[in-house]
Number of protein chains: 2
Amino acid sequence: MRLGVDAMGGDFAPAEPVQGVLAARDQLGPDDRVVLIGVEPAVREHLAGHDGWERFIQIHHASEVVGMDEAPVEALRQKPDSSIARMAEMAARGEVDAVISAGNTGACVAACQMRLRRLRGVYRPGIAIVVPSYYGPVVLCDVGANVNCRPRHLFQYALMASEYARRICGVADPRVGLLNIGREDAKGNQLVKETRELLRAGPDVKFMGNIEGRDLFRNVCDVAVCEGFVGNVALKLMEGLAQGLFKSIANELPQSKPELAGQFRQAISTTREKYDFNEYGGAPLLGINGICIICHGASRARAVVNAIRVAREFATTHMNDRITERIARCQGSLHE
Amino acid sequence: MRLGVDAMGGDFAPAEPVQGVLAARDQLGPDDRVVLIGVEPAVREHLAGHDGWERFIQIHHASEVVGMDEAPVEALRQKPDSSIARMAEMAARGEVDAVISAGNTGACVAACQMRLRRLRGVYRPGIAIVVPSYYGPVVLCDVGANVNCRPRHLFQYALMASEYARRICGVADPRVGLLNIGREDAKGNQLVKETRELLRAGPDVKFMGNIEGRDLFRNVCDVAVCEGFVGNVALKLMEGLAQGLFKSIANELPQSKPELAGQFRQAISTTREKYDFNEYGGAPLLGINGICIICHGASRARAVVNAIRVAREFATTHMNDRITERIARCQGSLHE
C-alpha cells in the first residue's frame, strides 16, 4: 500500500509528520511505501540522519503550503502546487492509495471532494471521529465537513459511521443515536425531526432514537450523528474541557498533596492518554472515493502514526466497498 | 424578597427542592420568604420534623405535575393546576419576586414567556449558564430556550450575558466570543456570519470574534453566544464528559496505586466540585420580565440553594434594569 502524507500539514510541520512516518515503520508491511508530499529540502532536512529511510519513504516535492487559517477553496485555487492539492491529485491518479493530512481541514476536504469525488450514492462526505468514553468508543459524524446538512445527509452519516464502528472499532451491531437537545420527539429543530423519521424507517439501522450530549458517555449508542457545525463545536469543546480538567487537577494536587503529586500524575496518565487526540488516531473522511485521514492541527508524531494505522485498516477492511453496499441497500428508503 | 420554588420540579422532587429550601435558610434575609409550590401533602411530609420552617416557608398547593418528558406547550394547556403553571402565574401577579424550577425546562420557559412576557426590546429570552474553567467562569448563552435563532437574537444574548457576567460573575469588561467552527471569517454557517457583522458593528460590546469550542477553556472570552441547539448539546456534553473523566480516573487509580486511592480521591474532590452543576447554581432565563432561575433536572438540594443565591443576586443587582438599559442603547445598531 502507498500512503501519501502531507509533510507540510499542521502546526508542527514538517518536523512531526516526518517523525511520525519514521516512527510508523514497524507497523508497515514489507510492500508498504510512504510518500511525503511537501517542500523537498525541508523534508530532507528532517529525514537526515535516520538510517534507511529511503527503503520505505519517497519524497514528492510541492513548493507551496496552505496555511491553517486560509479560506479552503481560494487557497487551493491560488496554490496549485501546495502539498494538499498535490496529495489529492496523486490519489486521483492512483499514485497513492490513501492520503493523510494534519493541515487545513477545509482545504483537505475540498481537495479530496474535487479530485477523488464521492462514493456511488453518497450525497456528502462526513468526518468521523472516535470519541473515547469509559464504556468504549463512540463514532461521531460529522465533525465539520458539512455545515449545511439535510436529513438525507445525516441518514447516510448513520450508515457510513455504523460501518466504520463495525469494521474498525469492532462493534458487532452498532447502536445509532441522533444528537439532539432532548430524548423526546417534540424536542429539536426541523433537521433533527426529519432525520429521525428517515432513521426510523430506514432498514438496516439499529436506531436508538434521540440522544443528548451526555449520552455519548453513558453507553447509550456506538454511533452518534449530527450536522457538522454542532459536531465541530462538540469535538473542540471535548478537547478543551478534557485539557482544562487535567490542568485543574494538576494544579490542585501540589496544593493539597504535594508529596503525592508525582505518583498521582503517573496514575492518571492512562486516563489522560485515553482522552488525548494524539492517541486515538486520525479521523476518516467517510464517503470519499478513496481513503483520506484527517489529523488534528496540533498533531504530534504519534497522531501521524495512529493515522497511518487507521488508513491501513480502512484499506484492509475494504471499508469503501462496505459503505457503497450499505448505501445501495438503503437507498430505497430515501426515495419512497 | 419572595421566592417561588417549584417543589415538584426535577428527578428528585419534592425531596430535594424542599431540602434545598430548608438548607438555604442561612442565606435568606430577615424579610425573605419562600413559597413552595406543589402538591401540599407531599411537600408537608418533607417539611415535617424541621423546626420553625413556618417562619420563612409558605406552601401554595398545585395539584398537577408536568413530567420531565412532556411536550411543554401541551402539558401547560392540559395541566393548568401544575406547579410550573401556578408558579408563573404567581410571578405575573406579583405574589412572588422570582421563580426557581428544576422541572421541565421547556415548560418553564414557555410558562414564563406566556405569563411574564419579555423585557422591553428583547426579541427572545435565552438561558445562560456559567461554565467553570481553569481560568474562571464563562457565561454561555443560549443553552436551549431558542432553537430557531436569528442573528438579532444572538446579538442580544451577547448584551444580556455580558451584563450577567459583569454583575454576577464580577467581570469588569466582559469579552464576548461567537461560538463557531473556526476563528476565520470564512468559516461557519449563515447565522454565525450575519451575527458576526452585528456584533462587530454593535457599540458597547467587547467582541473578540469567532471562537471555537476549546476556547471556552482558554481564557479567550468571558461570554460565549450560540443558538440554543448548539448550546444545549454543548452543555450536556460537558456534563457527560466531566462525569466520564472522573469515573475513568476513579477506576484507574485503584488499579495503578491502590494504596493511595483514598488520598487521591480527596485531592481531586476540589476540581470535581468545581465542575459539578450542583455547585455552580441555577441558570437564569435572561430577557424575561421577571426573575426565573432554571435548575438541572438532576438537581440535588445544594443546586437549589445555589439557585436561590443566584435569584437574590439577580434582584439585588437590578439585573433586569441593567439589561433593559443596555438593550435600549444598542437597539439602533439592529435597525440601521
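Throughout, read-outs are computed from the coordinates displayed, never taken from laboratory work. Computed from a predicted model, the values in this text were never measured in an experiment. Cβ coordinates were reconstructed from backbone atoms using ideal geometry, including for glycine residues, and neighbour counts include every protein chain displayed.
Cα convex hull of chain B: mean projected area in nm², to one decimal? Mean projected area of the Cα convex hull: 18.5 nm².
Considering only A:141, A:9, A:121, the residue lying farthest towards the positive end of the dipole of chain A is A:121, judged by Cα position with unit charges set on Cβ. Inter-chain neighbour count for B:165-174: the average number of beta-carbon atoms from partner chains within 10 Å of each residue's beta-carbon is 0.
Counting only pairs 8 or more residues apart or on different chains, how many lysine pairs in chain B have their Cα atoms under 26 Å apart? Lysine pairs meeting the criterion: 9. With the label put 7 angstrom out from Cα along the Cα-to-Cβ vector, residue B:317 ends up 4.9 nm from the copy partners, going from closest to farthest. Residues whose amide H comes within less than 5 Å of that of residue B:138, counting only those at least five positions distant or on another chain, are B:131, B:133 (H built at 1.01 Å from N in the peptide plane).
If the segment from residue B:95 to residue B:219 were pulled out straight at 0.36 nm per residue, it would be longer than the present Cα-Cα gap by 40.5 nm. Evaluating 6.51 cos²θ - 1.76 cosθ + 1.60 at θ = phi - 60° for every residue in region A:83-98, the Karplus couplings come out as 4, 5, 4, 5, 4, 5, 4, 4, 5, 5, 7, x, 7, 10, 9, 7 Hz, glycine and proline recorded as x.
Run the numbers on chain A and let me know its relative contact order in percent, using alpha-carbon pairs under 8 Å that are six or more apart.
Relative contact order comes out at 22 percent.
An oblate overall shape is assigned to region B:101-146, the ratio a/c of its alpha-carbon gyration tensor axes (a ≥ b ≥ c) being 1.5 or greater and a/b not exceeding b/c.
Proximity of backbone amide H atoms, modeled 1.01 Å from N, is registered between residue A:149 and A:228 at under 5 Å, excluding neighbours fewer than 5 places apart on the same chain.
In terms of surrounding Cβ atoms within a 10 Å radius of their Cβ, A:294, B:129 rank from fewest to most as B:129, A:294.
Evaluating 6.51 cos²θ - 1.76 cosθ + 1.60 at θ = phi - 60° for every residue in region B:158-164, the Karplus couplings come out as 4, 5, 5, 5, 5, 4, 5 Hz, glycine and proline recorded as x. With the convex hull of the Cα atoms taken as the outline of region A:123-280, the averaged projected area works out to 10.0 nm². A simple charge model with +1 on the Cβ of Lys and Arg, -1 on the Cβ of Asp and Glu and nothing else charged puts the dipole of chain A at about 740 debye relative to its Cα centre. Have a look at B:99, A:226, B:53 and report the one farthest towards the positive end of the charge dipole of the protein assembly as shown, computed about the Cα centre with Cβ charges (Lys/Arg +1, Asp/Glu -1). Farthest along the dipole direction, towards plus: A:226.
For the peptide B:176-189, the mean number of other protein chain Cβ atoms found within 10 angstrom of a residue's Cβ is 5. For the residues A:211, A:168, A:268, a GNM of chain A with alpha-carbon springs under 10 Å puts the largest fluctuation on A:268. Kirkwood Rh over Cα pairs of the protein assembly as shown into Stokes-Einstein at 25 °C, 0.890 mPa s: D in µm²/s? For the chosen part, D equals 93 µm²/s. Pick from B:141, B:295, B:221 the residue whose mean-square fluctuation is largest in a GNM of chain B, springs joining Cα atoms under 10 Å. Judging by the Gaussian network model, the answer is B:221. Taking other Cβ atoms within 10 Å as a rough exposure proxy, B:115, A:44 sort from fewest to most as A:44, B:115.
Would you mind classifying region B:1-69 by shape? Square roots of the alpha carbon gyration tensor eigenvalues, ordered a ≥ b ≥ c; an a/c under 1.5 is rounded, otherwise it is prolate if a/b is larger than b/c and oblate if not. Because a/c hits 1.5 or more and a/b exceeds b/c, region B:1-69 counts as prolate.
Remark: label point of residue A:297 defined 7 Å out from Cα along the Cα-Cβ vector; separations to the same position in other copies 3.6 nm, ascending. For region B:41-49, the Karplus equation 6.51 cos²θ - 1.76 cosθ + 1.60, evaluated at θ = phi - 60°, returns couplings of x, 5, 5, 4, 4, 7, 8, 4, x Hz by residue, with Gly and Pro reported as x.
Each Lys or Arg adds one and each Asp or Glu takes one away; over the other residues whose Cβ falls under 10 Å from the Cβ of residue B:2, this sums to -3.
The calculated FRET efficiency for the pair residue A:266 and residue A:117, based on their C-beta separation and a Förster distance of 60 Å, comes to about 0.80. Less than 5 angstrom separates the built amide H of residue A:211 from those of A:178, A:179, A:180, all sequence-distant by 5 or more or on a different chain.
Averaged over the residues of A:270-276, the number of partner chain Cβ atoms lying within 10 Å of the residue Cβ comes to 4. Taking region B:1-42 and a reference point 7 angstrom along Cα→Cβ of residue B:78, the backbone N atoms nearer than 20 Å belong to B:8-11, B:39.
GNM remark for chain B: springs join alpha carbons under 10 Å apart, and the peak mean-square fluctuation among B:134, B:164, B:123 falls on B:134.
Label-point distances for residue A:247 to the equivalent site in the other copies, using a point 7 angstrom along Cα→C-beta, read 2.6 nm when ranked shortest first. Per residue, the convex hull spanned by the alpha carbons of region A:186-263 comes to 135 Å³.
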